[in-house]
Amino acid sequence: MEDHLSNKIAAGEVVERPASVVKELVENGIDANSSKIRVDVEDGGLGKIRILDNGEGIEKEDRETAFYRHATSKIHSDRDLFRIRTLGFRGEALPSIASVSKMTLTSSTDGQEGETLKIEGGEIKERKASPPRQGTEIIVEDLFYNTPARLKYLKSVHTEIGHISDVINRMALSHPEIAFELYHNDKNLLKTAGQGDLLRVLHAIYGKSVVKGMKKLEASSADFQVSGYAAEPGHARSNRSYMTIVINGRYVKNIAVSKAVQAGYNTLLPIGKYPIVCLHITLNPMLIDVNVHPSKMEVRLSKEQALQKLIQDSLKSLWSYDPIVPEMKPPK
Ligand code: ADP
Ligand code: MG
């Protein structure tokens with residue numbers, strides 16, 4: 001099968017909508033040890049998506065191969081697959097995105113002269129030198145121009161920018177040490193300081209009233225370390241997306257952990273309401289399987305029940321209080 005075609009098929013799994021492009025490209029910026037990542041989006045990502053990072057850049061000899069399927073610089077052996085520390089590892093995102101869009105990649109390493117590659121539908125059309133810079137810039141235009149069915153399935157600009165904003169919020173919550181900026185049609189939607197303070201990121205996203213009553217959570221066991229913040233039950237929302245679970249720097253979806261969070265609030269949540277919580281969990285990469293789905297968002301955990309108990313118990317103790325026993329009056 002032609003490379004182009006298999007990349008286009010993979011794109012069906014990796015690139016569902018503009019927000020998936022943003023997620024994959026921002027993850028690459030994080031893996032490249034960037035301290036600043038700026039995202040500019042036009043018309044919900046249907047017009048243009050631009051990701052600028054100040055990371056390590058792509059080496060000259062890797063710039064072309066990065067567009068081959070499964071060309072990853074992040075894992076080198078079978079064993080690496082069981083101790084993944086980077087967000088990417090499948091080498092699928094760049095070739096997939098490039099196969100369904102018009103992409104311009106500019107990158108350089110060590111502040112040296114850079115290079116710009118123009119790729120259309122997965123084919124490199126142009127390669128030329130560019131001024132020295134720090135990091136990588138990727139521009140994606142005309143997303144899904146050659147997959148009309150996918151294009152048709154996209155929702156309104158409003159819906160798409162909602163998904164993109166959600167992705168950036170979660171990236172910022174997962175990496176308080178990175179300064180994120182998101183602009184939509186030149187309007188700023190998020191700006192974080194990148195100083196490592198999770199509470200400040202929560203403040204930028206949810207506002208003062210939510211953050212004011214948040215409680216800090218800190219717990220650990222032999223296998224897990226958990227830290228983060230939990231909002232008062234009164235701020236509960238009607239969908240699960242306000243529970244952000246980050247494992248080893250990766251935002252994940254895991255039903256067991258979400259259930260433990262809800263159970264930790266016990267009877268304090270009205271039915272059908274979910275709390276605003278952000279938890280960072282650190283564990284040995286051997287205990288987590290990220291290679292479940294191409295989007296790498298669903299994970300399987302070993303020792304899941306022990307983790308559930310740790311989270312549930314520590315949240316419970318956050319919300320428990322000493323019952324006030326009325327003072328006994330001495331008998332007259
Ligand atoms: P993966 O992240 O799974 O390795 P990708 O298709 O997302 O695969 O990227 C392919 C390769 O291109 C990466 O392994 C990395 O070497 C390089 N790369 C992509 N984006 C960047 C970036 N912003 N900065 C540095 N290197 C990058
Ligand atoms: Mg990647």
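Some observations on this one:
- Qualifying positions in segment 207-247 - out of contact with any helix residue (DSSP H, G or I) (no Cβ under 9 Å at 6 or more places or on another chain) and either of a type in the set (Ser, Thr, Tyr) or within 14 Å of GLN308 (Cα to Cα) (or both): GLN225, SER238
- Near pairs, Cβ below 6 angstrom, 6+ apart or cross-chain, from segment 159-174 (without any contact (Cβ under 8 Å) to a residue 60 or more places away in the chain) to any residue that is among the β-branched types (Val, Ile, Thr) and crowded, with 24+ Cβ neighbours inside 10 Å: ALA172/THR192; ALA172/VAL201
- Enumerated strands (runs of 3 or more DSSP E) restricted to segment 193-307, each holding at least 3 residues that are over 17 Å from the mean Cα position of the chain (by Cα) and not basic (Lys, Arg): 215-220, 224-230
- Taken over segment 63-103, the residue count meeting the criterion of being part of a helix (DSSP H, G or I) and among the hydrophobic types (A, V, I, L, M, F, W, C) is 8.
- In segment 14-64, the residues that are away from ligand 2 (no atom under 14 Å from the Cβ), closer than 26 Å to THR147 by Cβ and charged (D, E, K, R): GLU16, ARG17, ASP40, GLU42, ASP43, LYS48, ARG50, ARG63, GLU64
- Residue within segment 81-98 that is near ligand 1 (Cβ under 8 Å from one of its atoms), assigned by TED's automatic domain parsing to the domain that holds PRO176, of a type in the set (S, T, N, Q) and surrounded by fewer than 21 Cβ atoms within 10 Å (Cβ to Cβ) present: yes
- Test: PHE82 is among the aromatic types (Phe, Trp, Tyr), within 15 Å of ligand 2 (Cβ to nearest atom) and under 26 Å from ASN248 (Cβ atoms): no
The values are calculated or read from the model by the stated rules, or taken from the named source; none is laboratory data. As the structure is a computational prediction, the values presented were derived from the model and not from experiment. Please note: Cβ atoms are built from the backbone with ideal geometry, for glycine as well, and neighbour counts cover all protein chains shown.
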